[in-house]
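Undergrad: Here it is, the structure, as structure tokens.
No value in this document is a laboratory result; all are computed from the given coordinates. Just so you know, these numbers come straight off a predicted model, no measurement behind them. Here the Cβ positions follow ideal geometry from the backbone for every residue, glycine too, while neighbour counts run over all protein chains shown.
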Amino acid sequence: MAYTLGIDIGTYETKGVLVDTAGTVHAQASRGHQMLVPQPGWAEHRPEEDWWGDFVFVCRALLQDSGVDPAEIKAVACSAIGPCMLPVNASGAPLMNGVLYGVDGRAEAEVQELTNRIGEDTIISRCGNALTSQSVGPKILWLKRNCPELYAETSHILTSTSFLVQRLTGEVVIDHYTAANFSPLYDVKTQSWVDDLADDILPLDKLPRLLWSDEIAGHVTPTAAKAAGLAPGTPVTAGTIDAAAEALSVGVDQPGDMMMMYGSTIFIILRAQSQVSDPRIWYAPWLFEGEHASMAGLATSGTLTHWFRDHIARDLDPAQAFPTLANEAAASPPGANGLLMLPYFSGERTPIHDIHAKGMLFGLNLTHTRGDMYRALIEGIAHGTRHVTDTFAELGQSPKRLLAVGGGTKNALWLQATSDITGIDQIVCEKTVGASYGDAFLAALAIGAVRRQDISMWNPTDRTITANPTADYDTAHALFLRLYEQTKDIARDIG
């Protein structure tokens, strides 16, 4: 038998899967970790413990549980949360914790300064994206200004996936899809690193070598093999961001295919026909040369359900809390008896890009129940999602197929509310393993063991969530949008 290995580092958990070249899963493993919030607006991971330590643990667990000989693993692919910012020294050792993606807003001042200096139109034209908390360039400038000693010692700036690939192979690489988030240091037209927009951020030789995600970055070194239990010389792909691997896992391949990932955040990827540049959404080259993708993401989604369980439903057994809350919410009618929730508990990413946005539960009276509140929370996330899908529609990018994936697909209320509020049917595939499964497919693709269209056989359709034609959320959605607009100045002023 021939196998491929996929491992994904998520915000709160690392997951891995061992798959044969027919797509059969032979072992799964996971390990949890925390997102560190050292101060409001910051979000970090520990690279040694949360990224490499988790990779080693999960890899060894997969080998032990499956009994597969490491020599039978023909390729490895990694994905991870992204885009992150991690400075490393000449020996590849991290100089600080990894600064996470758009949930970390520490570089707000640098985002504004660079935008004013370069001009938003120029940035969008050259980089494909407006500068936001998702952008890595401003975070590197923040490092230079606030941690000059660390900046001076920096040999390379890595992201989470490139850190793993470096540990496995010794190669310092990054895939184009991830690199597009390094604005204003990546030009989407030339698909290369550039410094003519801002030459004071970082010398370009401190950025990783660019590859496509189906290219082999290098091979497992003897040191990495000893640590992880792999065979020396095993090919390792360039990897990518977790959401892209997750999209691949459910068959996002043709223009018009859209993935909606239900996780700690909602993340959306649309395989676009051509480059679509708009400040409300993100653009990147897709995983394969000559292809395009448009992206969007909410800042807090599944995280909110955990917050609600931990703080509003403390009386419930944690093991049964979510089914109980779902039953309570199901007893509340659509519209949650007039409650509206803004799901901006960590600011918001697309389409408003407002790190000062705040969460809000509006319309409470003495008749409301916990079920009403939980339904309002689920519907609030769905309204935030519709704000994104409506933005895509305005840009002429409505999906032809929407494929739902992630742990949240087990939440029937969340899925149905999202279809009812957006008006879009959703396809759920048989396997909801997620990004690690997409990694395993990408590894097989990189060594020529499968073709791209084979993903439909690896992961066929299981069911379709159909939007209820009688559901009328238009008025509630208009109020949702007004509620943000009429309170955003207050949200900014209270800090």
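Undergrad: What fraction of the DSSP beta bridges in the chain is antiparallel, stated in percent and rounded to the nearest 5?
TA: 70
Undergrad: Another one. How do 69, 187 line up, fewest other C-beta atoms within 10 Å first?
TA: Arranged by neighbour count, lowest to highest, 69, 187 become 69, 187.
Undergrad: Using alpha carbons only, how many angstrom separate the centre of segment 209-242 from the centre of segment 426-441?
TA: 21
Undergrad: I'd like to know which of 388, 398, 433 lies farthest towards the positive end of the charge dipole of segment 344-495, counting +1 on Cβ of Lys and Arg and -1 on Cβ of Asp and Glu.
TA: 433
Undergrad: So what's the back-of-envelope 222 nm ellipticity for the chain, counting only DSSP H runs of four-plus at -39500 (n - 2.57) apiece and dividing by all residues, rounded to 500?
TA: Rounded to the nearest 500, the figure is -10500 deg cm²/dmol.
Undergrad: Separate question: Return the whole-Å distance between the Cα centroid of segment 1-48 and the Cα centroid of segment 304-325.
TA: 24
Undergrad: Taking the Cβ of residue 487 as the centre, find all other residues whose Cβ is under 14 Å away and add up their charges (Lys, Arg: +1; Asp, Glu: -1).
TA: Net of charged neighbours comes to -1.
Undergrad: Of all DSSP beta bridges located in segment 3-243, what percent are antiparallel, nearest 5?
TA: Details: 27 of 40 bridges.
The antiparallel proportion sits near 70 percent.
Undergrad: List the lysines whose Cα sits under 25 Å from the Cα of residue 144, skipping any in the same chain fewer than 8 residues away.
TA: The reachable lysines, counting only those whose Cα sits under 25 Å from residue 144, are 206.
Undergrad: How would 85, 260 line up from fewest to most surrounding beta-carbon atoms within 10 angstrom?
TA: If I rank by nearby Cβ atoms, fewest first, I get 85, 260.
Undergrad: Using DSSP, restrict attention to beta bridges with both residues in segment 1-80 and report what percent are antiparallel, rounded to the nearest 5.
TA: Looking only at bridges with both residues in segment 1-80, the antiparallel portion is about 70 percent.
Undergrad: A follow-up question, please. Explain nothing, just the number: dipole magnitude of the chain about its Cα centre with +1 on each Lys and Arg Cβ and -1 on each Asp and Glu Cβ, in debye rounded to the nearest 20.
TA: Taking the Cα centre of the chain as origin, the dipole is about 400 debye.
Undergrad: Given DSSP loops and a limit of at most 15 other Cβ atoms within 10 Å, what is the longest stretch of the chain that contains no such trypsin sites (Lys or Arg not before Pro)?
TA: 1-188
Undergrad: Want the number for residue 2 to residue 231: 0.36 nm per residue separation, take away the alpha-carbon distance, what's left?
TA: 81.1 nm
Undergrad: Among the listed pairs 189/400; 358/400; 139/488; 15/488, which are separated by more than 28 Å between their Cα atoms?
TA: Details: 189/400 26 Å; 358/400 33 Å; 139/488 25 Å; 15/488 37 Å.
Pairs exceeding the cut-off: 358/400; 15/488.
Undergrad: Tell me, 283, 344, 374 in order of fewest to most beta-carbon neighbours within 10 Å? Mind dumping the intermediate values first?
TA: Working: 283 21, 344 26, 374 29.
So the ranking, lowest neighbour count to highest, is 283, 344, 374.
Undergrad: What GluC sites (Glu not before Pro) does segment 341-427 have in DSSP loop regions with at most 12 other beta carbons within 10 Å?
TA: Here no GluC sites (Glu not before Pro) fit, given the DSSP loop and packing criteria.
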